[in-house]
Structure formats: structure tokens, C-alpha cells
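**Q** Here it is, the structure in full.
The values are calculated or read from the model by the stated rules, or taken from the named source; none is laboratory data. Everything quoted here is computed from the prediction, not taken from an experiment. Note that we place each Cβ from the backbone using ideal geometry, even for glycine, and neighbour counts take in every protein chain shown.
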Amino acid sequence: MKKAFSIGLPAIIVLILFLILLRFVILPDESISQAKIDKAKKSIAMEKGNFIDFLRKAKKENRKYTFINIKGEQILPDDFAKELDWRFKEGLLGFCSKEDKWGFIDKTGAVVIKPEFDQIRNFSEGYAKVKLNGKWGYIDKSGKIVIEPQFDNAGEFHEGMAQVKINNAWGYIDKSGEIIIKPTFTYAAGNFSEGLAVANDGDKFGFIDKTGKWIITPNFDLAGGAGDFHEGLCDFSIPFKGWGYFDKTGKAVIKPIFEEAGLFVSGLARVKINKKLGFIDKQGEIVIEAKYADAGHFSEGLASVRLEPNGKWGYIDETGKLIIDYIFETYDFLENPGDFKEGKARVKIGKNWGFINKKGETVISPRYKSTYDFSEGYAVVSLWMDQKDEKK
């Protein structure tokens, strides 16, 4: 027995590390999975692009991509692109040609930036990061290269700044491409959020302002992690103690007593107590009882929840009242129901995905192999290879 256990231990360790990677590294704004992986907001920079590309490749087999409008009408021929990015942003959507090059289309499906890049990411503040010949740079909405591909890795622009990697260290540039904060951060370099970005000094982290000055002293353990500021608060953890929240001065305004802690949305944050999830307010008071096995964040006044690990999902409001009954199934943690976006949430019924409204009524029938949230009036979906979509 001991021998069998010792042989299997490395595999178990690898599996655990892989699950941790899924849990903490994939970013929701960047996530292309169906997952409700809230720690995706833990933007501790950001070698995650390669892992996202791995997941994209894993998901794109045996499916065709298109996008639909709010009526469920298909806009793009499903043989147009080899792959689509996961949402419209600033009016444009990334697509991959059959020659494995990336460009952008508009909401009519017209090509506005030719597919000539090795990789791309969504537009943010008018710029999109693109990869050419192994280096990252930035283009504008005309497709013009405005910052030459020269970086080993790069982030999106947030609040006028983007993190870039040069010689194994991270720094920040402005929209002219000028280095504003020298690349000295070896591990953490997050997006700027409410004027601050997470950064590291050795094995500790804190928060810097846009000049690179430490505003919150780096005395937190990287193993604990920290996310962006949302509504003036940021979650943090102390190993072997718990999760809490500090304000922009670094003061712990909610003590680290929770097993998990999510970002604040509409004054509420999801936390874990005794292995169950509930919601607190900004005073740290429990306002929705911690009784759920799984829960999403609140979005447009509703949050997805389920009572048992393998149970069905429903939606509650900000008082904890069940608004949409527990009727939606999930088969693994990558298939959790979506948040409400533009009045609709994606849900899985049987083996297919569709969309419901806030009354729980099906408004776009479940006929898709996968779906992504609505963004700017449209949603990216994928069809089964032998499927012809029906316009609703």
C-alpha cells in the first residue's frame, strides 16, 4: 500500500497544482472559459496569456464560431472564422482566420483590421495589444501600430497605463510607449485600478501609484495574494489566518477572518465561512447567510447560487431572496451559469447553452455548444460541427 501511494503522489501533486492554476490565474475579464473563477481578478501579472491560449486551443475543436444579437439572430456566417475572441469591446471583436492570423471585425461582421497578427487581445482605452514575431506591441482601431512590438509580454491599458515585460521584469508604459515606471518587478505587476496597482518587492507585495511610489507598503505575503481595488476596498489574506479587506491606505477595515473573499460589487462581497459561501457588506457584516456550496458575484442585482456541490443553480437578489429557482444544471466547474449582462444570463439546459432573462424565462433557446456573456449587444457562441443555427 505504501509503495502504491508513493508512486501516485507526484501525479496527485501535479493535479493539485493544475487546479490551483485554474483557480487563481485565469482572469474573468480575460477568461475564455465558462468558469466562475473569481480569483481571475487577482491580476498578479501575467504570464497568463499562454495559458489562455492553451485553453482556447483545447476548447475550439469540433465547433464553429459565430455571434448573435439580443434576439438570438446569427450575424456572422459560422464558417467565417476559425475562432472568435470571447466578447466585443469598444465595438470590435477579434477573430482568427483560417491561416491562423488574428484581426478584428465590427458588429456587422465586416473586417476592419486585417488578420495579420500572431495573437491579439481585446481593445482597452483605444489600444489593443498584438503579437508579431514573438514580441508584443499595440495597435489603434485603424490597425496602425502605435507602439512597436518590442516587449516580451504586455498587459492591457487601464487608467492610461499598461504593464510590460522586459528582460524578465515588469514595468509600466503610457500610451505614447514611454516607460513611466521602470521594469523592476519580477513577479507582480497588476492593472491600475482606482489609481493603484499591485506590485512586488522580493517575496512581499503592496500597491504603487502611477509614479511607482509605494502607497501601501509591500509587507503582504505573495502566497496570500491580493486583487484589484473595487469600490474602495481590496481583498488580502494572511497565511493560515484568513481573508479580509484593506482600504487605499492599507488599513485593514475588515479583519482577515474568512476562508475566501471576493471583490465588492454594489456594496456586497462574496465570502466563505465554514466551507459555505455568503455575502457581507462593507462593514464586514453578513447580509446573506453563508449557506451556499457555490456562488457567483452579483451582477445587475442578481447572483447565481447553488446549495449543494452537485446541485442545480438558481439566482438570488441582493437581499438573499431566491428569484429564479434551482433548475439549471452544471457538469463541471467550467460550466457554471453566467452572470447577468445586459439583462440576460447564459445557462446550460441539457447539453446545450442558451439565455434567460431576469424572470428565469428562456429568451434564446438552448442550442449552442458554448456561449459567452452579452457585451455591447452581442454574444459570441459556438455551434456543434454538424449544426446549422436557426434564427429565432
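**Q** Which of the residues spanning the stretch 127-170 are aromatic (Phe, Trp, Tyr) and out of contact with any Ser or Thr (no Cβ under 9 Å at 6 or more places or on another chain)?
**A** Listed by number, the residues that qualify are Tyr127, Trp136, Tyr138, Phe151.
**Q** Could you grab me the full set of residues in the stretch 118-169 that are in a loop (DSSP other than H, G, I, E, B), within 17 Å of Gly103 (Cα to Cα) and of a type in the set (A, V, I, L, M, F, W, C)?
**A** Scanning the stretch 118-169 gives no hits.
**Q** Take the stretch 327-345 and flag every residue that is crowded, with 17+ Cβ neighbours inside 10 Å, under 13 Å from Leu302 (Cβ atoms) and in contact with an Asp or Glu (Cβ under 9 Å, 6 or more places away or on another chain).
**A** Gly338, Asp339, Phe340, Lys341, Lys344, Ala345
**Q** Determine whether Phe333 is modelled with pLDDT under 95, under 24 Å from the mean Cα position of the chain (by Cα) and of a type outside the set (A, V, I, L, M).
**A** yes
**Q** Ok, one more. Would you pick out the residues in the stretch 251-263 that are of a type outside the set (Phe, Trp, Tyr) and crowded, with 20+ Cβ neighbours inside 10 Å?
**A** Passing the criteria: Ile254, Ala261, Gly262, Leu263.
**Q** Which of the residues spanning the stretch 162-180 are within 23 Å of Glu90 (Cα to Cα) and surrounded by 21 or more Cβ atoms within 10 Å (Cβ to Cβ)?
**A** The answer is Ala162, Gln163, Val164, Tyr172, Ile173.
**Q** Which of the numbered conditions does Tyr187 fail, given that it passes all the others? Conditions: (1) outside any loop (DSSP other than H, G, I, E, B); (2) touching a residue at least 24 places away in the same chain (Cβ under 8 Å); (3) buried (at least 16 other Cβ atoms within 10 Å of the Cβ).
**A** (1)
**Q** Considering only the stretch 201-250, how many residues are surrounded by 18 or more Cβ atoms within 10 Å (Cβ to Cβ), modelled with pLDDT under 85 and part of a loop (DSSP other than H, G, I, E, B)?
**A** Adding up the residues that qualify gives 3.
**Q** Hey, another quick one. Which of the residues belonging to the stretch 264-315 are surrounded by fewer than 22 Cβ atoms within 10 Å (Cβ to Cβ), more than 22 Å from the chain's Cα centre (by Cα) and in a strand (DSSP E or B)?
**A** Listed by number, the residues that qualify are Ile273, Lys276, Ile286, Val287, Glu289, Ala290, Lys291.
**Q** Right, here's the next one. Is it fair to say Pro115 is over 22 Å from Ile364 (Cα atoms) and not β-branched (Val, Ile, Thr)?
**A** yes
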